[in-house]
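Asker: The following block contains the structure, expressed as C-alpha cells.
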Amino acid sequence: MSSRAPVIVWLRQDLRLADNPALTAAANTGRPLLPVYILDQELPGAWTLGGASLWWLHHSLKRLEIALRALGLPLILRRGAADQVMLDLATACGAAMVMWNRCYEPWAVDRDTRLKSQLLEAGIAVASHNGALLFEPWTIRTKSGGPYRVFSPFWRDCQQASPPGAPLTAPPHCHTLGELPASDNLDTWALLPSAPDWAGGLREAWTPGEAAARARLAVFIDRILDDYARDRERPDIDGSSRLSPHLRFGEISPRQIWHAVHARLAQAGEAAMAEKAAAKFLSEIGWREFSCHLLFQFPHLPYQPLQPAFADFPWESDPVAYQRWCRGLTGYPIVDAGMRQLWRTGWMHNRARMIAASFLVKDLLIPWQDGARWFWDTLVDADLANNSAGWQWVAGCGADAAPYFRIFNPVTQGERFDPGGHYVRAFVPELAKMPDKWLHRPWEAPPDVLAAANVQLGETYPEPMVDHAHARKLALEGYQQIKTTK
C-alpha cells in the first residue's frame with residue numbers, strides 16, 4: 001500500500017488534541033491524517049443527543065476545527081449511520097487504517113465491532129485505543145472475576161492498580177491529503193436552537209472546547225480544590241469542578257485530571273486538607289469510571305433497574321405533576337431552584353440533582369426513567385452511564401444504591417446546603433425577598449411576612465405539590481410491597 005494512503009482518525013467523544021491516543025498513534029505512522037466526525041442520530045435511538053448537548057457539540061466542533069487547522073489538518077464532517085458512512089469514506093479515499101478511541105455505550109460497542117470486521121474485510125487496518133477512562137471495564141474485576149456492583153471496593157481496587165500513564169502532548173504539525181473528501185458544513189446541521197433561541201443561559205454559563213476545559217481545570221486546581229471536601233455539597237458556592245461537560249465531550253481526559261490533581265498534591269506536601277480534598281475529588285472521577293463500567297457490563301442500565309424487584313414498584317403516571325417538576329414549579333424552593341438552573345444553564349449542581357431526583361421518584365412516585373430522559377435532553381453533560389447510574393442510585397434500585405428509605409426532605413436539605421438562600425434566590429427570584437427563616441418553607445410563613453416579600457402562594461409561587469411527610473409514607477409503603485413479593 002502506498003505511503004500516501006491516509007489514516008482516518010474517527011473522533012467521537014474525544015474532541016481534543018492533547019492526550020488523544022488515537023490521534024497521537026495516527027500521527028506517529030507518518031501517513032497523511034484525516035480527522036473525521038460523524039453525526040449519527042439514528043443508531044442511538046432514544047439516546048440520541050438532546051438539545052443542550054447538541055448546542056455544546058456545535059461549539060466544541062467549531063473550536064476543534066480551528067485547533068486542527070493550526071496543525072495543518074482538516075475536520076471532515078459527515079452525517080448518517082456512522083458505520084456505513086465510515087466504511088464508505090475509508091474505501092473511497094483509499095485509507096490504510098482507521099483509528100478511534102473506544103466508546104462504551106451498548107450500541108457503540110456493537111457498531112464498532114461490526115465496523116471493524118467490515119474494514120478488515122475491505123483490507124483496511126483498524127486500531128482502537130482507550131481515551132475516555134482511567135481503567136478499561138474488563139481490567140477491574142472482583143476476586144471471583146465478575147464486575148463490581150459496589151463502589152467502595154471498586155475504587156479501592158482501582159487505586160491499587162498501576163496508575164494511569166502520563167498524558168500525551170498534542171502532536172506537532174501534521175500533513176494530510178492534497179485532495180480532501182467532501183465535508184458537510186457544520187452550520188447546515190442546525191444543532192443550535194432557533195425559533196426560539198433558548199440557549200442564552202448556556203452561552204452565559206459555558207465556553208465549550210479544549211482550551212476552556214484546560215482553563216477550568218487550572219482554576220479548579222489553583223482556587224477550589226483545597227476546599228473541595230468542605231464546599232462540594234453547597235450549590236450556593238462555586239465549590240465543584242464544573243468539568244463534567246468537558247469530560248462528556250472528551251475536551252479533557254480523566255488522565256489529565258488525575259495527573260493535575262496529583263501534581264497539586266505533590267506541591268501541597270503533607271497538608272491533610274489537601275489530601276482529603278484530592279481524595280474526595282478523585283473519588284468523583286472514580287464514580288464516573290464505575291458508572292461506565294456498569295453500563296459496559298449491564299447494557300440494560302438505562303432502561304431497567306439493576307435490582308430486579310424494583311421492576312414491580314407501584315409507580316404513578318401523572319403527566320401534570322411531571323411537567324410541574326420539569327418546569328421547577330413544585331412549591332419546594334430547593335427543588336425548583338435546581339430544575340430552573342438546569343433549564344437556564346444546561347447543568348445542575350450535584351446536590352441539587354440528588355434532591356430533585358429524590359423528589360420525583362419518592363415524593364411524586366414517578367419512574368426514575370422519566371427523570372433520566374428529562375436530564376438527558378436538558379443537560380450539557382448528559383452522559384448515558386453517569387445519568388443512568390445516578391438515577392438508579394437515587395431510586396434505590398441500582399448498584400451501590402442509596403437505601404430506599406433514604407428519602408431527602410427538601411426543606412431540611414435546602415436549609416442545610418443553602419443556608420443563606422443564595423442559590424434559591426438566584427433561580428427562584430419570586431422568593432428573593434423572603435427571610436432566610438422561611439425561604440425554604442414559605443407555606444409556613446406568617447401572612448405579614450409573605451405580604452412584605454410580595455409572595456402570594458398559589459399566585460406568584462405555587463403551594464407545595466405534595467405533603468412531604470405523607471409522600472414519604474406512601475413511598476415506603478410501595479417499597480414494602482415489593483419487599484414482600486421478592
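Asker: Across the stretch 167-189, which residue is modelled with the lowest pLDDT among those that are in a loop (DSSP other than H, G, I, E, B) and among the polar types (S, T, N, Q)? Talk me through it step by step, then tell me what you get.
Answerer: Pass one, the stretch 167-189, residues in a loop (DSSP other than H, G, I, E, B): 167-185.
From the residues that got through so far, the ones that are among the polar types (S, T, N, Q) too are 169, 176, 183, 185.
Working: THR169: 97, THR176: 94, SER183: 98, ASN185: 98.
Checking each candidate, the answer is THR176.
Asker: In the stretch 117-136, what residues are outside any helix (DSSP H, G or I) and of a type in the set (Ser, Thr, Tyr)?
Answerer: Keep residues of the stretch 117-136 that are outside any helix (DSSP H, G or I), which gives 122-136.
Residue satisfying the conditions is SER128 alone.
Asker: Suppose we filter the stretch 388-419 for residues that are buried (at least 24 other Cβ atoms within 10 Å of the Cβ) and assigned to a helix (DSSP H, G or I); how many remain?
Answerer: Of the residues in the stretch 388-419, 8 are buried (at least 24 other Cβ atoms within 10 Å of the Cβ) and assigned to a helix (DSSP H, G or I).
Asker: May I ask you to list the residues in the stretch 127-158 that are of a type in the set (A, V, I, L, M, F, W, C) and over 26 Å from ASN28 (Cβ atoms)?
Answerer: Scanning the stretch 127-158 gives ILE140, VAL150, PHE151, PHE154, TRP155, CYS158.
Asker: Taking the residues in the stretch 165-181 that are within 32 Å of the chain's Cα centre (by Cα) and of a type in the set (Gly, Ala, Ser) as candidates, determine which candidate is most open to solvent (accessible area, probe 1.4 Å).
Answerer: ALA166
Asker: Do any residues in the stretch 29-52 that are of a type in the set (Asp, Glu) have Cβ atoms under 9 Å from those of residues that are open to solvent by less than 10 Å² (accessible area, probe 1.4 Å), where the two are at least six apart or on different chains, and which pairs are they?
Answerer: Within 9 Å, the pairs are ASP40/ALA82; GLU42/ALA82.
Asker: Of all residues in the stretch 268-291 being modelled with pLDDT under 95 and in contact with a Leu (Cβ under 7 Å, 6 or more places away or on another chain), which is surrounded by the fewest Cβ atoms within 10 Å (Cβ to Cβ)?
Answerer: GLU275
Asker: Within the stretch 292-299, is there a residue that is in a loop (DSSP other than H, G, I, E, B), over 23 Å from ILE355 (Cα atoms) and at pLDDT below 95?
Answerer: Filtering the stretch 292-299 for residues in a loop (DSSP other than H, G, I, E, B) gives 298-299.
If we keep only those that are over 23 Å from ILE355 (Cα atoms) as well, we get 298-299.
Checking the rest, the ones that are also at pLDDT below 95 come to none.
Within the stretch 292-299, none of the residues are in a loop (DSSP other than H, G, I, E, B), over 23 Å from ILE355 (Cα atoms) and at pLDDT below 95.
Asker: In the stretch 229-247, how many are surrounded by fewer than 23 Cβ atoms within 10 Å (Cβ to Cβ) and not in a loop (DSSP other than H, G, I, E, B)?
Answerer: Of the residues in the stretch 229-247, 5 are surrounded by fewer than 23 Cβ atoms within 10 Å (Cβ to Cβ) and not in a loop (DSSP other than H, G, I, E, B).
Asker: Show the residue pairs that are 6+ apart or on different chains and have beta-carbon atoms under 6 Å apart, the first residue being within the stretch 359-375 and of a type in the set (Lys, Arg), the second being open to solvent by 10 Å² or more (accessible area, probe 1.4 Å).
Answerer: LYS362/ILE407
Asker: Can you report the number of residues in the stretch 420-461 which are among the hydroxyl-bearing types (Ser, Thr, Tyr) and open to solvent by 20 Å² or more (accessible area, probe 1.4 Å)? Explain how you work it out, then say what you get.
Answerer: Of all residues in the stretch 420-461, those among the hydroxyl-bearing types (Ser, Thr, Tyr) come to 423, 460-461.
Imposing the further condition that a residue be open to solvent by 20 Å² or more (accessible area, probe 1.4 Å) reduces the set to 460.
Final tally of qualifying residues: 1.
The values are calculated or read from the model by the stated rules, or taken from the named source; none is laboratory data. Quick caveat: nothing in here was measured; it's all calculated off a predicted structure. Cβ atoms come from the backbone with ideal geometry, glycine included; neighbour counts cover every protein chain shown. Keep in mind that these areas ignore ligands, DNA and RNA; they rest on the heavy atoms of the full protein, side chains included. Shrake-Rupley method; radii C 1.70, N 1.55, O 1.52, S 1.80 Å.
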